[in-house]
1. What does the extension gain come out to for A:Lys199 and A:Ser539, with contour length at 0.36 nm per residue minus their alpha carbon separation?
2. Which of rounded, prolate or oblate describes the range B:7-129 when judged by the alpha-carbon gyration tensor and an a/c cut-off of 1.5?
3. Taking beta carbons within 10 Å but only from partner chains, what does the mean come to for residues A:474-486?
4. Going by average Cβ neighbours within 10 Å, how do the peptides A:139-150, A:121-132, A:263-274, A:378-389 rank, with the highest at the top?
5. Full extension from A:Glu481 to A:Ala380: what is 0.36 nm times the residue separation minus their Cα-Cα distance, to one decimal in nm?
6. What is the packing order of peptides A:396-409, B:49-62, B:119-132, taking the mean over residues of other C-beta atoms within 10 Å and listing the highest first?
7. Give me the net charge of B:Val58's neighbourhood, meaning all other residues with Cβ under 11 Å from the Cβ of B:Val58; Lys, Arg count +1, Asp, Glu -1.
8. Pop the C-beta distance of A:Tyr406 and A:Glu109 into the FRET formula with R0 = 60 Å and round what comes out to the nearest 0.05.
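The values are calculated or read from the model by the stated rules, or taken from the named source; none is laboratory data. Just so it is clear, the structure is predicted and the values come from calculations on it, not from any experiment. Here the Cβ positions follow ideal geometry from the backbone for every residue, glycine too, while neighbour counts run over all protein chains shown. These area figures cover heavy atoms from the full protein model, side chains too; ligands, DNA and RNA do not enter into them. Shrake-Rupley method; radii C 1.70, N 1.55, O 1.52, S 1.80 Å.
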Amino acid sequence: MISTSLKPVLTIPEQLRLTHGECAFIESWRNGSFLKGTPSPTSLAWKPCTLPDAWELTHPDKGGDAWYRFSLPNTTNSEDKALFLASFMMNAEAWVNGKHIGSGGSFEEPIANNWNRPLFFHAPTYVLNKKGNTLVIHVRAYPNAGGGLGLAYWGSPTLLHPAYLNQNAIVHYLGIGVVSLSLLLGSIFGILYIATRQKSFLYFSIASFSSCLYVLDQFIISPPLTHLHWEIIVHSSLYVSQYFFLLFMIDCLQLTDRHIHWFKHFGTAHMIISIASILLCSEINVLPVSSFWHAVGLLWLLYFTMILYYKWIYSGNIMTALIACAIFFEGIFMLADWSAWINAQIIPPVIYPIGPMAFALVATVMLILRFIQGSRQEEAFRLELKESLVKQEIALKEKHDEVIQYEQQQSIRYEQERITRELHDGIGSHLLGAKSVLGSDKEIAKQLIGDALDELRALMDSLGNHSDLLTILGMMRQRMERRLQAQNITFDWQVWEIPEHMHQSPQVNHHVARIIQESIANIEKHAQATQITLRINQSGITVADNGIGFEEKHVPSGRGLTNMRWRAKQAGAKLIILSNTDRAGTSISLAWEA
Amino acid sequence: MTLSETKSIVIIEDDVHVASQLQAFINASDMFSCMQVLHTFHSGKNFLSSNSPDILLVDINLPDGSGIDLIRFVTTTHHQTESLVLSLYGDEGHVIEAIEAGSAGYLLKDGNYEDVIYALHELVKGGAPISPMIARSLLTHFASIPKPQKEPIHQVQLTKKEHEILVYFSKGFNRIEISNYLGVSINTVGGHAKNIYKKFAVHSQGEAVFEAVQQGLIQLD
């Protein structure tokens with residue numbers, strides 16, 4: 001498509017080109033709008049002129065209507081003729097010999113720039129004279145908007161029409177293609193951003209949407225807003241898209257150098273200042289001001305390209321090279337577009353539609369590559385995670401086993417400590433006592449040693465694997481019964497079943513047995529009783545005697561009541577002591593709650 | 001065993017002091033007399049091969065052998081001899097072993113005179129010393145061993161009464177109390193205890209004892 005479009009334009013014979021004629025200009029654009037109605041030039045207004053006639057050079061800062069009058073060469077044969085206007089930035093209509101042969105664009109506000117839209121007007125034979133023909137072309141344009149007349153061809157339709165079709169096709173279809181692509185990419189990346197919240201997708205999306213406005217302006221016939229507002233939006237969109245493309249590239253390549261940081265700030269400043277200046281300047285100056293900022297943008301784009309080039313040299317990163325290429329295309333686009341702006345007669349630039357498209361394609365390829373890379377990384381990461389999870393599971397199990405082992409060791413240690421303590425408290429003191437007494441009184445010594453042996457037996461019972469409290473107490477009874485009988489104390493043995501909410505364990509049983517033992521020892525020493533009742537049933541444990549009783553306040557600490565309370569707590573029971581000196585008897589009870 | 005004659009006792013104990021103390025106790029009593037005091041397994045075995053005392057007191061740990069083996073020997077060869085194992089602690093492990101071998105119970109090494117004589121009296125009357133812990137152990141034992149596959153020997157399982165008595169013993173009740181609650185004489189209670197021991201000996205030794213019973217080597221009351 002490109003080659004065929006270039007060829008016809010370039011191969012149109014030079015003699016078909018209109019170069020000399022007369023021009024009349026009326027400044028009908030005043031104070032921001034065209035005057036109502038279409039003026040006509042007076043005969044005085046006509047001045048000779050040569051094409052291309054660029055208004056920015058011939059009458060800058062002025063906009064309005066211009067007529068161009070050409071005396072056409074005589075027709076040698078009776079053939080149709082045609083007028084082919086290759087590129088424009090205004091709207092035009094034409095007459096041959098006073099007869100209207102066609103118009104393109106809009107002459108009513110709002111008027112689009114309409115640039116690069118070729119026009120083709122057919123001049124059939126009936127409008128032509130054999131003697132001589134006059135062609136008048138009327139154009140209307142804004143000031144400083146690239147108004148004027150550039151390439152104009154008059155000749156055989158067979159030569160000119162194909163050229164027109166090709167030109168039009170490029171401008172039209174390429175333009176539509178680029179806009180569609182921009183919108184499509186913008187939407188896709190917009191959705192990707194919403195899905196993944198990755199900033200680079202957002203930047204690309206904004207840049208895409210924004211750039212399609214600019215391309216749209218190139219072939220739209222009637223802008224949706226007033227001329228000024230439309231121009232401001234279009235030009236702002238250019239800066240916006242440039243800025244966001246920059247952000248996208250920086251994010252995509254993950255550039256983090258310091259001067260990139262400053263570069264970003266510069267880019268932000270550029271965008272803000274350029275948009276601000278367009279908003280603030282007068283309508284006449286919008287395009288020139290924009291051109292200026294355009295140039296500035298080109299410069300820093302070039303700088304950015306150099307940074308990337310160096311980065312590519314040092315790192316060999318393919319992405320950097322791709323980006324640099326994309327910027328190259330972008331740069332060409334801007335350059336082409338800029339020069340088309342300032343110079344109305346050059347060959348209709350065909351590169352400019354390719355620029356953004358190429359850039360978009362490159363950027364898309366990059367993002368896809370990045371995505372693939374990302375998903376590969378994710379896969380690798382997932383495998384790593386799985387592995388580390390398995391490792392962690394193993395480590396956790398080992399830790400768990402360690403903990404179990406530790407707990408077991410702890411409970412063994414606890415048992416050992418308990419045994420040590422009991423040995424020390426009970427047996428140790430007996431034996432120590434025996435040792436000190438030996439020599440002075442053998443009988444007491446024997447008694448003490450006998451007691452020590454009893455303690456040992458009690459200990460052995462408690463270490464046995466039978467953890468039944470009743471049996472332990474039965475053993476205790478067997479051992480002490482003879483001694484009690486010698487003191488005329490009888491047992492009332494009412495041991496039936498374990499209390500309802502008591503949870504047996506070697507430790508608990510031992511504490512309970514000790515409490516009972518201590519109570520009995522107290523009874524032997526102080527109560528002067530004749531009967532000890534031990535009652536164990538569903539509701540609890542009671543050691544009762546029919547002795548003289550005691551007041552706890554008056555009791556010296558030797559009775560071990562504190563110890564009993566502590567042991568009761570360890571066993572999870574409440575200790576209740578009922579005794580007073582008025583009523584005969586004492587009872588010490590243990591009760592468990594649910 | 002008649003009650004009129006004194007009962008002969010053989011002591012096999014390696015601790016000289018304990019042995020002489022027991023000897024003194026026994027000789028001081030009217031009912032009993034000490035036939036012989038020995039200190040080793042082999043001397044004991046030799047003596048028992050040609051002598052038959054009424055009661056044998058044997059220590060578990062002899063320097064040249066196990067007292068349990070002596071008990072077993074006596075149980076199988078001398079049907080008239082009752083044996084008691086001598087134990088320092090009266091702990092369940094040793095005593096059960098002895099009962100398994102056929103002994104009628106245990107005697108505490110460090111016991112005083114009254115305890116020893118009382119225990120020996122009990123033995124003569126047909127009872128067997130039983131502690132709450134031993135009772136409990138026997139209960140567990142009878143509960144856990146499954147019934148033999150062959151023709152059931154009904155004597156090997158506990159009767160309801162025997163089971164009840166064991167439960168009472170395991171809770172610490174003494175003979176007098178149990179006889180009151182069950183409405184039987186004290187001697188009956190003692191006799192039941194002895195039977196339980198014999199059943200235990202049979203029960204725990206399983207097949208071998210079953211055969212022995214069949215062959216009439218062991219008599220069950």
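1. On the way: separation 340, 0.36 × 340 = 122.40 nm, distance 7.34 nm.
Residue separation times 0.36 nm, minus the Cα-Cα distance, leaves 115.1 nm.
2. rounded
3. That works out to 4 on average.
4. Top to bottom by mean Cβ count within 10 Å: A:139-150, A:263-274, A:121-132, A:378-389.
5. Gain on stretching A:Glu481 to A:Ala380: 28.5 nm.
6. Numbers: A:396-409: 10.1, B:49-62: 20.0, B:119-132: 21.8.
Result, highest mean first: B:119-132, B:49-62, A:396-409.
7. Details: positive: B:Lys45, B:Arg72; negative: B:Glu13, B:Asp14, B:Asp59, B:Asp69.
Result for the local shell: -2.
8. Numbers: r = 90 Å, r/R0 = 1.50.
So the FRET efficiency works out to roughly 0.10.
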